[in-house]
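Colleague: Sharing a structure here in structure tokens format.
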Amino acid sequence: MQTYMVGGAVRDALLGLPVNDRDWVVVGATPHEMITSGYLPVGKDFPVFLHPLTKEEYALARTERKTARGYHGFAFHAAPDVTLEQDLARRDLTINAMAQDEAGRLIDPYHGQRDLQARVLRHVTRAFREDPVRILRVARFAARYADFTVAPETVTLMREMVEAGEVDALVAERVWQELARGLVEARPSRMFEVLRECGALARLLPEVDRLWGVAQRADYHPEVDTGVHLMLVLDMAARLEAPLPVRFACLMHDLGKGTTPPDILPRHIGHEQRSVNLLLQVCERLRVPTECRELAEVVAREHGNIHRSASLGAAALVRLLERCDAFRKPQRFELALLACECDARGRGGLQESPYPQRASLLAALHAAQQVSTADVAAQAREQQLEGPRIGEMIHQARVRAVAAALEG
């Protein structure tokens, strides 16, 4: 029985990056031998075990055979006679198909170290085409390692997979999982560029794919193209270290521009509500978590008003805060403002521009929060007012508080 460290741990060590998770492959063992040695079986589809002390995953060397379309259409074979090279051959990219033995020696039958040095993402074998999730993984790695390129032959293979309908068989949960992981990488725009190049974006997110080639007003958007703007926004979100819900909101905020009637371009009248309608369809299709969906809806609907907030009076500002549910969910409102800052600064040549709306709206919210709703409600009851009349009195008290703050 021989044990090898494999995959990402080997890759990251060679790149000089921190190694957080280690995976292991065991050659020459049976499940019975692993259990007898104290390993805890956890694999459902193939033999995977947890080390009794470190709790790291140890998988028996295996091969796989395609049996049906999609992510789950595989039959696995794990036996003592499966070699390390056979196990590595089923992996996605050469940079993930390296191993290290217990003496620290590198085993690299598919030249992953060479591709690391050349900054290339390349598939290991034609078996790559059997798993459509690998298209998403390549795109995600492109977002993580922004200075890597995807090998032309790998792009061609990915395009063949898309044309064969493999991407259409992906389950929603796995698509969302990979997209979410790619969105929080160092340069998320690269993920969408790769997906677009191979045709997968048009299948998975047609609402996003159609944004390229859609013109915007050059006085607001020097980059003009809506798809180019979207990529700048996503990379600004990464630069500002925004969390996933903000990055997803950035991805969804302008979907409506892809359905703007041609006769009113480059203006996009009413695109905010169209964006909301489209993003809700995306969220239902991909089963997007509630936190991401709700923030994206606020940002899509209100980002134009937030951008224009410097010109609003106290009453309009309070109505904006109420529409954003800022009084009940102030932390979500702060995230919405961060997404809007990413949108405003994600424009050609304007990446270093300030975004004072964020601070001014937070100041307006703080002023309105100083109103004691309990005291206002008590005053209303003294006047024998109830229901909507109490809500109106609270609203007016908040307007006065914001107006005083603006004057001060």
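Colleague: Taking springs between alpha-carbon atoms closer than 10 angstrom, which of E166, E352, E185 fluctuates most in the Gaussian network model of the chain?
Modeller: Taking springs between Cα atoms under 10 Å, the residue moving most is E352.
Colleague: Once every DSSP H run of n ≥ 4 in the chain is given -39500 (n - 2.57) and the sum is divided by its residues, what mean residue ellipticity at 222 nm do you get, rounded to the nearest 500 deg cm²/dmol? Working shown, then result.
Modeller: Working: 19 runs with 209 residues, N = 408.
One gets -15500 deg cm²/dmol as the mean residue ellipticity at 222 nm.
Colleague: While we're looking at this one, here's another question. Mind telling me which of T36, T260, T63 comes out most flexible in a GNM of the chain, alpha-carbon contacts under 10 Å?
Modeller: Greatest mean-square fluctuation among the candidates belongs to T36.
Colleague: Measuring from centroid to centroid over Cα atoms, what is the spacing of the range 356-408 and the range 253-312 in Å?
Modeller: 28 Å
Colleague: Full-extension gain between L106 and A172, please, as 0.36 nm times their residue separation minus the C-alpha to C-alpha distance. Don't jump to the answer; show the numbers that get you there.
Modeller: On the way: separation 66, 0.36 × 66 = 23.76 nm, distance 3.69 nm.
That pair, L106 and A172, stretches by 20.1 nm at full extension.
Colleague: When only Cα pairs under 8 Å and 6 or more residues apart are kept, what is the percent relative contact order across the range 326-408?
Modeller: Values: 44 pairs, mean separation 22.5, N = 83.
27 percent.
Colleague: For a Förster distance of 30 Å, can you work out the FRET efficiency between the beta-carbons of E163 and T259, rounded to the nearest 0.05?
Modeller: Details: r = 26 Å, r/R0 = 0.86.
For R0 = 30 Å, the calculated efficiency reads 0.70.
Colleague: If you don't mind, there's one more thing I want to ask. May I ask you to compute the full-extension gain from N20 to T36, defined as 0.36 nm times their residue separation minus their alpha-carbon distance, rounded to one decimal in nm? Don't skip to the end; give the middle numbers.
Modeller: Numbers: separation 16, 0.36 × 16 = 5.76 nm, distance 2.80 nm.
Gain in length upon complete extension: 3.0 nm.
Colleague: GNM on the chain, C-alpha springs below 10 Å: top fluctuator among H303, H32, H123?
Modeller: Of the options given, H32 has the highest mean-square fluctuation.
Colleague: When we measure straight from the Cα of K329, which aspartates and glutamates land under 17 angstrom away, once same-chain ones fewer than 8 places off are left out?
Modeller: E291, E294, E297, E302
Colleague: On to the next question. Would you mind checking the tilt of helix 133-144 against the longest principal axis of the Cα atoms of the chain, expressed as 0 to 90 degrees and rounded to 10?
Modeller: It works out to around 70 degrees.
Colleague: Quick one: in the range 8-149, what % of C-alpha pairs are over 21 Å apart? Don't skip to the answer; put the middle values down first.
Modeller: On the way: 4714 of 10011 pairs.
Here the long-distance tail beyond 21 Å is 47 percent of all Cα pairs in the range 8-149.
Colleague: Suppose a student asked you for the relative contact order of the range 127-228, using Cα pairs under 8 Å spaced at least 6 residues apart; what percent would you report? Don't skip to the answer; put the middle values down first.
Modeller: Numbers: 114 pairs, mean separation 30.2, N = 102.
Result for the range 127-228 is 30 percent.
Colleague: Ok, one more. Ratio to report: Rg/Rh of the range 99-180, with Cα atoms as the point set and Rh obtained by the Kirkwood method; give two decimals. Show your work: numbers first, answer last.
Modeller: Values: Rg = 14.4 Å, Rh = 14.1 Å.
Over the Cα atoms of the range 99-180, Rg/Rh equals 1.02.
Colleague: While we're here: So if we plug the beta-carbon distance of L350 and D81 into 1/(1 + (r/R0)^6) with R0 = 51 Å, what FRET efficiency do we get, rounded to 0.05? Each step should come with its number before you reach the end.
Modeller: Numbers: r = 61 Å, r/R0 = 1.20.
Computed FRET efficiency for L350 and D81: 0.25.
Colleague: To make sure I understand, if each residue's beta carbon is the centre and we count other beta carbons within 10 Å, what order do V184, V175 fall in, fewest to most?
Modeller: Working: V184 18, V175 21.
Fewest-to-most Cβ neighbours within 10 Å comes out as V184, V175.
Colleague: Take R105, R144 and order them by how many other Cβ atoms sit within 10 Å, fewest up front.
Modeller: Ascending number of Cβ neighbours within 10 Å: R105, R144.
Colleague: So what's the convex hull volume per residue for the Cα atoms of the range 213-310, in Å³?
Modeller: Numbers: hull volume 10.5 nm³, N = 98.
Per-residue hull volume (Cα only) is 107 Å³.
Colleague: Please list, ordered by chain and number, the residues whose modelled amide H lies under 5 Å from the amide H of T149; skip anything fewer than 5 residues away on the same chain.
Modeller: V120, L121
Colleague: Give the label of the value calculated from the structure for Rg/Rh (Cα atoms, Kirkwood Rh), choosing from (1) 1.09; (2) 0.99; (3) 1.05.
Modeller: Computed from the coordinates, Rg/Rh (Cα atoms, Kirkwood Rh) corresponds to (1).
Read-outs throughout are calculated quantities, based only on the coordinates presented, and are distinct from any laboratory measurement. Bear in mind the structure is a predicted one, so any value in this text is a computation, not a measurement. Every residue, glycine among them, receives a Cβ derived from its backbone with ideal geometry; neighbour counts consider all protein chains shown.
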